[in-house]
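J.: Input: one structure, supplied below.
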Amino acid sequence: MRKLVYYVASSIDGFIAAPDGSYDFFDLQPDPTGPLVTRWPQTFPTFAHQQLGIDRPQGRFDTVLMGRATYEPALRLGVTSPYAHLKQYVFARSLRPSDDPAVEIVSGDPVTFVRDLKGRPGADIWLCGGGRLAGQLVSEVDEWLVKVNPVVAGSGIPLVDHPFTPQHLTLVDTTPAGRGVVLLHYTR
């Protein structure tokens with residue numbers, strides 16, 4: 001069965017974006033030879049592949065899930081398919097169906113959709129964000145890959161927007177990723 005992996009950048013205090021949804025307070029210039037690019041090339045937008053030296057973004061994912069707020073910055077730039085190398089699903093009740101065949105807008109229940117998606121043939125599924133979608137899918141996330149950035153945000157969009165229900169995870173690995181970023185890898 002396919003796994004759902006929440007791979008996301010976070011501040012030390014657990015925020016993935018500012019209150020307005022922006023995320024430019026994170027260091028957005030990864031080392032092209034560092035572990036984030038070499039181990040997780042599929043998690044970079046297609047338009048960044050050439051500058052990062054990514055020829056073929058091979059890896060464990062063939063699908064990416066996004067919430068509306070995660071997808072909209074690309075739309076504002078005129079990019080309808082930010083991860084053209086992956087099958088893209090955007091969970092939104094307020095967006096009309098996409099004209100881009102690589103992107104499917106999903107207005108139904110995320111949990112039901114993901115359970116069905118996990119049962120289909122394919123590689124693992126990357127949950128890109130955001131915090132509200134992660135909160136709805138917290139029971140379905142099999143692995144957590146959190147890029148902890150050396151910044152304290154104070155407030156913003158939380159890593160997981162979900163009622164208090166502690167879920168214990170197992171630490172699998174920690175990887176220094178340069179510029180003070182540490183990748184924490186947990187499993188359920």
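The values are calculated or read from the model by the stated rules, or taken from the named source; none is laboratory data. Only a predicted model underlies this, so the values are computations on that prediction, with no experimental measurement involved. FYI the Cβ positions are ideal-geometry reconstructions off the backbone, even for glycines, and counts take in every protein chain you see. For accessibility, only protein heavy atoms count, side chains too; no ligands or nucleic acids. Shrake-Rupley method; radii C 1.70, N 1.55, O 1.52, S 1.80 Å.
J.: Could you identify the single residue in Leu169, Leu159 that is among the hydrophobic types (A, V, I, L, M, F, W, C) and either open to solvent by 80 Å² or more (accessible area, probe 1.4 Å) or farther than 28 Å from Ala84 by Cα (or both)?
T.: Leu169
J.: Only one of (1) part of a loop (DSSP other than H, G, I, E, B); (2) out of contact with any helix residue (DSSP H, G or I) (no Cβ under 6 Å at 6 or more places or on another chain); (3) closer than 26 Å to Leu183 by Cα fails for Val146. Which number is that?
T.: (1)
J.: Here's a follow-up. Tell me, which residue of the stretch 3-21 that is touching a residue at least 12 places away in the same chain (Cβ under 8 Å) and either acidic (Asp, Glu) or over 16 Å from Leu145 (Cα atoms) (or both) is most open to solvent (accessible area, probe 1.4 Å)?
T.: Among those that are touching a residue at least 12 places away in the same chain (Cβ under 8 Å) and either acidic (Asp, Glu) or over 16 Å from Leu145 (Cα atoms) (or both), it is Pro19.
J.: May I ask you to list the residues in the stretch 64-116 that are in a strand (DSSP E or B) and of a type in the set (A, V, I, L, M, F, W, C)?
T.: The answer is Val64, Leu65, Met66, Val90, Phe91, Val103, Ile105, Val106.
J.: Anything in the stretch 1-51 that is under 30 Å from Arg115 (Cβ atoms) and either of a type in the set (Phe, Trp, Tyr) or touching a His at 6+ places or on another chain (Cβ under 8 Å) (or both)? List them, or say none.
T.: Tyr6, Tyr7, Phe15, Tyr23, Trp40, Pro41, Gln42, Phe44, Thr46
J.: Among the residues of the stretch 56-68, what is the count of those that are open to solvent by 60 Å² or more (accessible area, probe 1.4 Å) and either at pLDDT 95 or above or farther than 22 Å from Asp116 by Cα (or both)?
T.: Of the residues in that region, 2 qualify.
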